[in-house]
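Visitor: Below you will find the structure I want to go over with you.
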Amino acid sequence: MRNFIRLLLISALLLISVSHLHAKKREEEYYRIDTLNTPDGVVLEAGNVCILGPDKLACASRFGDVWIAEEINGDKTKPKWTLYASGLHEVLGLAVKPGDKDGWLYCTQRCDITRMRDSNGDGRADVFEVVSDGWGIDGDYHEYAFGSKFDKDGNLFVALCLTGSGTSTNLWRGWCLKIDPDGKATPVISGIRSPGGIGFNAEGALFYTDNQGNWNGACKLQQIIPGTFVGHPAGLKWFDEPTAKDAIAAAGIKKPEMPKSGGRLVDEMKRIPELAHPTVYFPYPRMGASAAGFANDSTKGKFGPFQNQLFVGDQTTSMVMRVFLEQVDGHYQGVCFPFRKGFMSGAMSVDFAQDGSLFVYGTDRGWTATGGKPFGLQRVTWNGETPFEIHEMRVKKDGFELTFTEPLDEATAKDTASFTLKTYTYIYHDSYGSPEVDQTTPKIVSSTIAADKKSVRLVIEGLQIGHVHELQAPGIKSANGEPLLHDLAYYTLFHIPKK
């Protein structure tokens, strides 16, 4: 039944893609997609992509191979491939420790984190060492283990999918673990359902993506704050199990109350202090259906005007989204925007290269993907021309402030009719997914353009805590008369500044 529902979703998304064909062509005018050749005869289904140097990357496959590609820069689409390692188990994390002189490549696979290196220079890893294997597996299809890059202290983090994406049969399923430089595994948070990626923003804060399902009304980006509970209760069993409870106590993590099914997350947060809200919801399916890997734009302008924003892949819809985050009273929340459609397979893993391009590594294995191909490695390159976009969206005590990438047409920016706004939230329950519920239509009272003509202040009556605020701006034009490349923004609101 679930596969049938998935096929219906893909059909609907294909119809949406056709209706947005003009928008897709406009995306291509600013961000070009090039397809790189993959090794002949190899099914290179994404696991994880990791940039290794100025002209070199590694691709790990779900079949357990690690391939190295050299000569990847510029317009090159035919890299030189070398099989670096094989016989691993569904690799969903690759990392290189900054400053390492010994050439270790760290690999997060289902059963452990292993590091490997080529000691004799023949291009093939010949030394393998287990770094940490502090979690359980039993061969269930969904027992994914997603690994991060290194943090500033030399730690790695692993987000562990539930058994069957709904139960925690084996140790630490539904948890995030910190792996320190000595390989010690420490529990960090509970409540994960089915992660799709884990990584850091520009400030070094740790996040992961989770997928719609039981207790998850929609896909989300979630900050990993030590000691918090992020929503799915299956992994709470380990608080009482002898194999885990001492480690949990040593980490100072308090057991939360069991959530009640059928209410709203914002209400359960009042009852359960440990329950943390999503950082950003990705409304389903308009902003994807299987949130996956993400990367911070640290290219210093080589990828366009979105420095320090996150770019998030979606496996089902074969697209990449853009996320702007802000902190309100010490809490991260933010907004997601459409960015680029049209990838050949499901956008599973992404990483920025040193030349400023974004590599997107894809697969459709397990589920279908709108791209239509079983796998692929592609590169997104900015052409140097700035697209007219909503650059940032920040909440104010009485509305939102929008900044834009280009100067605005004053008449359309001042006209409240240029915008529409609606809100909704999700049922927090043990059923699969959720419709959009509790819809409201806040009133846009006024729109004031700033002196620099690149930002607008919207005064709004009726902001809703715990809701997605879906803003459309079809009437906005640039000073040159251009419409927005994407006129949609989805802000997830849990905190409103007091001033």
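The values are calculated or read from the model by the stated rules, or taken from the named source; none is laboratory data. This structure is a prediction, so every number in the text was calculated from the model and none was measured. Every residue, glycine as well, gets a Cβ built from its backbone with ideal geometry; the counts of neighbours run over all protein chains shown.
Visitor: Having 2 or more residues that are touching a Pro at 6+ places or on another chain (Cβ under 9 Å) and either farther than 16 Å from Gly356 by Cα or free of Cβ contacts under 8 Å to residues at least 12 places away in the same chain (or both) is the bar; report the strands (runs of 3 or more DSSP E) wholly within the stretch 20-105 that clear it. Step through it out loud before you land on a result.
Guide: Working: elements: 31-36, 46-53, 56-61, 66-70, 80-85, 93-95.
Qualifying strands (runs of 3 or more DSSP E): 66-70, 80-85.
Visitor: How many residues are of a type in the set (Asp, Glu) and under 14 Å from the mean Cα position of the chain (by Cα) when one looks only at the stretch 272-322?
Guide: 2
Matching residues to (1) touching a strand residue (DSSP E or B) at 6+ places or on another chain (Cβ under 9 Å); (2) at pLDDT 95 or above; (3) farther than 30 Å from Val456 by Cα:
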position: Gly362; (1), (2), (3): yes, yes, yes
position: Thr368; (1), (2), (3): no, no, yes
position: Pro374; (1), (2), (3): yes, yes, yes
position: Trp382; (1), (2), (3): yes, yes, no
position: Glu385; (1), (2), (3): no, yes, no
position: His391; (1), (2), (3): yes, yes, no
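Visitor: Under 6 Å between Cβ atoms, at least 6 apart or on separate chains: pull out the pairs that start in the stretch 298-312 with a residue that is over 17 Å from Arg32 (Cβ atoms) and end on any residue that is among the aliphatic types (A, V, I, L, M) and assigned to a loop (DSSP other than H, G, I, E, B).
Guide: Asn308/Ala202
Visitor: Taking only pairs six or more apart or across chains, which ones have beta-carbon atoms under 8 Å, a first residue in the stretch 423-435 that is in the same structural domain as Gln464 (by TED's automatic domain parsing) and among the aliphatic types (A, V, I, L, M), and a second residue that is part of a strand (DSSP E or B) and exposed (fewer than 15 other Cβ atoms within 10 Å of the Cβ)?
Guide: If the second residue must be part of a strand (DSSP E or B) and exposed (fewer than 15 other Cβ atoms within 10 Å of the Cβ), the pairs left are Ile427/Gly263; Ile427/Val437.
Visitor: Quick check: is even one residue across the stretch 422-438 surrounded by 22 or more Cβ atoms within 10 Å (Cβ to Cβ) and part of a loop (DSSP other than H, G, I, E, B)?
Guide: no
Visitor: Against the conditions (1) more than 30 Å from Ser194 (Cβ to Cβ); (2) in contact with a Leu (Cβ under 6 Å, 6 or more places away or on another chain), where does Glu410 fall short? Just the number, please.
Guide: Condition not satisfied by Glu410: (2).
Visitor: What's the total number of residues in the stretch 451-477 that are in contact (Cβ under 8 Å) with a residue 40 or more places away in the chain and either under 18 Å from Gly262 (Cα atoms) or part of a loop (DSSP other than H, G, I, E, B) (or both)?
Guide: 12
Visitor: Is there a residue being of a type in the set (S, T, N, Q), assigned to a strand (DSSP E or B) and surrounded by 19 or more Cβ atoms within 10 Å (Cβ to Cβ) anywhere in the stretch 441-450?
Guide: Checked against the condition, which is being of a type in the set (S, T, N, Q), assigned to a strand (DSSP E or B) and surrounded by 19 or more Cβ atoms within 10 Å (Cβ to Cβ), the stretch 441-450 yields at least one hit.
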